[in-house]
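Q: Below: one structure in structure tokens.
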Amino acid sequence: MEQSELSSIKKTEEKLKPKLFSVMKGYSKGQLIKDIVSGIIVAIIALPLSIALALASGVNPEQGLYTAITAGFVVSFLGGSRVQIAGPTAAFATIVAGIVASEGMDGLVISTVMAGIFLVIMGLCRFGSFIKYIPNTITSGFTFGIAVTIVVGQIKDFCGMSFSGSPIETTEKIAEIIKSASTFNVQAFLIGLLSLAILILWPKKLNKIPPSLIAVIVGAVIVKLSGINVNTIGDLYEISSAPPSFSLPKVSLSRIRALIPNAFTIAILAAVESLLSCVVADGMIGSKHRSNMELTAQGVGNIVSALFGGIPATGAIARTAANIKNGGRTPIAGMVHAIVLLVILVLLMPYAAMIPMPTIAAILFIVAYNMCGWRGIANQIKISPKSDIAVLFTTLILTVVFDLVIAIGAGIVLTALLFMKRMADVTEVHSWIYVDDEDTDPDHISLKKVPDNTRVYEINGPMFFAASDKFNYILNDYGKIDVLCIRMRNVPAIDATGVESLDKITKRCKKLNIEVVFSHVNEQPMHAMEKAGFVERIGRENFCDHIDSALIRAAELEKIAASKKV
């Protein structure tokens, strides 16, 4: 790749300009209609989720809608993604509930505003690319841990139990559940099971209508008409249909100091989840988000949300994916979603009082299941070394038992120590004979005869999570080639993320009918690839011990490809 191209890409990535202002050039009436339709559908999906996540966070149901309306509009307007949908997410539920219980709503507002300021600073200081230094093992660990805390927190409402105390920590909630087992409500449990069945089975038949909306309507109708003994939102909370209004909390320097850890937790989680959502969205639409602009927008969105009665917000992966699947391709869709929710809040919010609490719990069970990523964790356990697995489970357990700050901090420290050990284990010292000619390496690619329809890439250095983005350019348009040769003689070590990067490359090649040949894969990378089943998928005959044999193999594959074209 030319130096000018690299400079151009770098400038694009660093641009602090909202995507809205870029995509409006050439905006068509047809796309406007698609964005409006998608925004309405996403709003319908977000309605029960926002209410459920507000209740899981220990705040009033309308505050979830305040968050989706204010933060959703601001992040779409200022964000660095074409399709990101922001709002309350499950990742914040236990954190927010803990802050509200210990510090009150004023404490949550101050924490969220400070977190927003931190995010704006991170964006302005170009910290967007630093998120890659948090490896998959840590994000998988704390995400699964958060899912566990959500499930534990909803058992009470799903089973219709009555607690004698007000537990905050997950371990305290487990103890209270065991203690209150005698208050189990069969009627509430059956409503919960019915709601869960609808949430699981409905998408298999009619995926156009959100299953959470159907579960809410069915559950409310049954409880209302039958008069069974099941708590509804209206039994436990006062419902307000008033639109978001501006309010300032009481602030003091001592309070700010005390709430800095909470603000830091919110900021880090918002940054990680929003940028992960952007990466997923990029893969779905073939676009490229502006990470620093996205962080800045998330910061402003959280400040506005907190000052207008909302809770912390971030990019919501499920709602973003729904936006893409329904045709949304510009930030207009996210802004429409926020406006539609505002209309629903003002006109229909009183009906939310009829929603049964077991149905809310069932919705959150599905949210927790979807966010836990158990398949990814199972795959990581299968292909990762024991050290990576130790980091994953350490982060998971600390998230459940303590909190996210301790979990992420411990995970990063442990990862850094293990990485340093790994690099020390593969480092070798060789004596070199000084010569004037820099191209005396007999294996230099410039001295080799490369077949006409073969392209060779050489990777130098360890392939690990922080370097994974450096291999993305291999995924660019290959041109008219039949074989891609990847030379790995200078790759001493590879981790699970590195194997995943190679897997993406080979899958892309398979779609384009391009064969892949590997040259000189060292012992540790080969072992990792074998453990992941990667070698079998590619074919062991396509792993050569030297560049000469790799080029011979490439020539053979070119002949096979040519014979198929005749």
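The values are calculated or read from the model by the stated rules, or taken from the named source; none is laboratory data. Since this is a predicted model, take the numbers as computed values, not measurements. Note that we place each Cβ from the backbone using ideal geometry, even for glycine, and neighbour counts take in every protein chain shown.
Q: Just the residues that are at pLDDT below 95 and within 9 Å of Ala270 (Cβ to Cβ), please, taken from the stretch 286-314.
A: None - no residue of the stretch 286-314 is at pLDDT below 95 and within 9 Å of Ala270 (Cβ to Cβ), so the list stays empty.
Q: Same structure, new question: Could you say which residue among Ile121, Ile131, Ile138 is assigned by TED's automatic domain parsing to the domain that holds Ser102 and either in a loop (DSSP other than H, G, I, E, B) or modelled with pLDDT of 90 or more (or both)?
A: Ile121
Q: I'd like the full set of residues that are exposed (fewer than 15 other Cβ atoms within 10 Å of the Cβ) and either free of Cβ contacts under 8 Å to residues at least 12 places away in the same chain or more than 22 Å from Ile383 (Cα to Cα) (or both), limited to the stretch 534-553.
A: Those that are exposed (fewer than 15 other Cβ atoms within 10 Å of the Cβ) and either free of Cβ contacts under 8 Å to residues at least 12 places away in the same chain or more than 22 Å from Ile383 (Cα to Cα) (or both): Glu536, Gly539, Arg540, Asp545, His546, Asp548, Ser549, Ile552.
Q: For the condition closer than 30 Å to Lys29 by Cβ and of a type outside the set (Gly, Ala, Ser), what is the one hit in Ile381, Ile324?
A: It is Ile324.
Q: Restricting to the stretch 200-219, count the residues that are in a helix (DSSP H, G or I) and either of a type in the set (Val, Ile, Thr) or more than 15 Å from Leu47 (Cα to Cα) (or both).
A: Matching residues across the stretch 200-219 total 11.
Q: Right, something else. Scan the stretch 151-182 residue by residue and report those that are of a type outside the set (Lys, Arg), in a helix (DSSP H, G or I) and in contact with a Phe, Trp or Tyr (Cβ under 8 Å, 6 or more places away or on another chain).
A: Val151, Gln154, Phe158, Glu176, listed by residue number.
Q: Any residue at all in the stretch 535-551 that's of a type in the set (D, E, K, R), modelled with pLDDT under 90 and either assigned to a strand (DSSP E or B) or more than 22 Å from Pro135 (Cβ to Cβ) (or both)?
A: No: zero hits.
Q: Kindly indicate which of Val100, Val42 is under 17 Å from Ser274 (Cβ atoms), out of contact with any Phe, Trp or Tyr (no Cβ under 6 Å at 6 or more places or on another chain) and assigned to a helix (DSSP H, G or I).
A: Testing whether each residue is under 17 Å from Ser274 (Cβ atoms), out of contact with any Phe, Trp or Tyr (no Cβ under 6 Å at 6 or more places or on another chain) and assigned to a helix (DSSP H, G or I) leaves just Val42.
Q: Moving on. Glu556 is checked against (1) on the phi > 0 side of the Ramachandran plot; (2) without any contact (Cβ under 8 Å) to a residue 12 or more places away in the chain and fails just one. What number does that condition carry?
A: Only one criterion is unmet by Glu556, namely (1).
Q: Continuing with the same structure: Just checking, does the stretch 180-193 include any residue being surrounded by 13 or more Cβ atoms within 10 Å (Cβ to Cβ), closer than 30 Å to Gly301 by Cα and modelled with pLDDT under 95?
A: Looking through the stretch 180-193, none of the residues is surrounded by 13 or more Cβ atoms within 10 Å (Cβ to Cβ), closer than 30 Å to Gly301 by Cα and modelled with pLDDT under 95.
Q: Does Val223 satisfy the criteria of being touching a strand residue (DSSP E or B) at 6+ places or on another chain (Cβ under 6 Å), closer than 23 Å to Leu65 by Cβ and of a type outside the set (Gly, Ala, Ser)?
A: In short, yes.
Q: What are the pairs with Cβ atoms under 9 angstrom where one residue, in the stretch 477-489, is assigned by TED's automatic domain parsing to the domain that holds Lys504 and basic (Lys, Arg) and the other, located anywhere, is at pLDDT below 90 and in a loop (DSSP other than H, G, I, E, B)? Sequence gap at least six, or different chains.
A: Sorted first by the residue in the stretch 477-489, then by its partner, the pairs are Lys480/Asn453; Arg489/Asp443.
Q: In addition: Quick one: how many residues across the stretch 154-170 are modelled with pLDDT of 90 or more and either touching a strand residue (DSSP E or B) at 6+ places or on another chain (Cβ under 7 Å) or under 19 Å from Phe402 (Cβ atoms) (or both)?
A: 0
Q: Right, next: Do we have Lys224 as touching a residue at least 24 places away in the same chain (Cβ under 8 Å), in the same structural domain as Ala316 (by TED's automatic domain parsing) and surrounded by fewer than 15 Cβ atoms within 10 Å (Cβ to Cβ) here?
A: yes
Q: Listed residues Val113, Val74, Val83, Val100; which is more than 30 Å from Pro385 (Cβ to Cβ) and touching a Lys or Arg at 6+ places or on another chain (Cβ under 7 Å)?
A: Val83
Q: Counting only residues that are hydroxyl-bearing (Ser, Thr, Tyr) and closer than 21 Å to Ser240 by Cβ, which one in the stretch 348-371 is modelled with the highest pLDDT?
A: Once the filter is applied, the top-ranked residue is Thr359.
Per-residue answers, yes or no, for (1) farther than 15 Å from Pro244 by Cα; (2) buried (at least 24 other Cβ atoms within 10 Å of the Cβ); (3) in contact (Cβ under 8 Å) with a residue 60 or more places away in the chain; (4) not charged (D, E, K, R):
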{"residue": "Ser50", "(1), (2), (3), (4)": "no, yes, yes, yes"}
{"residue": "Thr70", "(1), (2), (3), (4)": "no, yes, yes, yes"}
{"residue": "Val74", "(1), (2), (3), (4)": "no, yes, yes, yes"}
{"residue": "Ala86", "(1), (2), (3), (4)": "yes, yes, yes, yes"}
{"residue": "Gly98", "(1), (2), (3), (4)": "yes, no, yes, yes"}
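Q: Give Gly327, Gly376 a once-over and let me know the one that is at pLDDT below 95, assigned to a helix (DSSP H, G or I) and surrounded by fewer than 22 Cβ atoms within 10 Å (Cβ to Cβ).
A: Of Gly327, Gly376, the one residue that is at pLDDT below 95, assigned to a helix (DSSP H, G or I) and surrounded by fewer than 22 Cβ atoms within 10 Å (Cβ to Cβ) is Gly376.
Q: Given the criteria over 30 Å from Ile233 (Cβ atoms) and in contact with a Gly (Cβ under 8 Å, 6 or more places away or on another chain), does Leu392 qualify?
A: Yes, satisfied.
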